[in-house]
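Rule-based calculations on the coordinates, nothing more; no lab input. Keep in mind that this is a model prediction, so the values were computed, not measured. Here the Cβ is made from the backbone with ideal geometry for all residues, glycine too, and neighbour counts use every protein chain on show.
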Amino acid sequence: MSQRPKEITEFSDTSLLIIWEDGHESLYLYEDLRKLCPCATCNELRKSGSKGKSTFRKTIPIGVQSTQIKPIDIEDIGLYAIRFKWNDRHETGIYTFEFLRELCTCDGCKPVA
Ligand SMILES: [Zn+2]
Ligand SMILES: [Zn+2]
């Protein structure tokens, strides 16, 4: 059973805070979330941009300054995911809670180097 967010809040102009059911807190930069968009189009872009290397964290072209990227709206998708509508008009990425939780960058979640 994966964790679900208890609260999703705009933390600052550039970041989003998710408080999970288990009390864990994850902070995400909008820029990172946008670059990691899991939709098919972005996956293709990431693949085409590299040759056999790990493509997961590859950046993708975005229509506005990456530091100004922000969601205009965040929509619930059932009980398992949310969808961001970005200010570069991209809105096909569905971010499952499982995916978001894996992206948590806090000290406790970061893979041990
Ligand atoms: Zn996308
Ligand atoms: Zn964490």
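Points to keep in mind about this one:
- Hits among aspartates and glutamates - C-alpha to C-alpha of residue 70 under 12 Å, sequence gap 8 or more where chains match: 10, 13, 31, 32, 88, 91
- Once the chain from residue 24 to residue 91 is taken as fully extended at 0.36 nm per residue, the excess over their C-alpha distance is 21.4 nm.
- Here the peptides 12-22, 100-110 are ranked by packing, the mean other Cβ count within 10 Å, and the order with the highest first is 12-22, 100-110.
- Available extension along the chain between residue 15 and residue 74 is 19.9 nm, counting 0.36 nm per residue and deducting the alpha carbon span.
- Rounded FRET efficiency, nearest 0.05, which uses the C-beta distance separating residue 65 from residue 109 and R0 of 30 Å: 0.60
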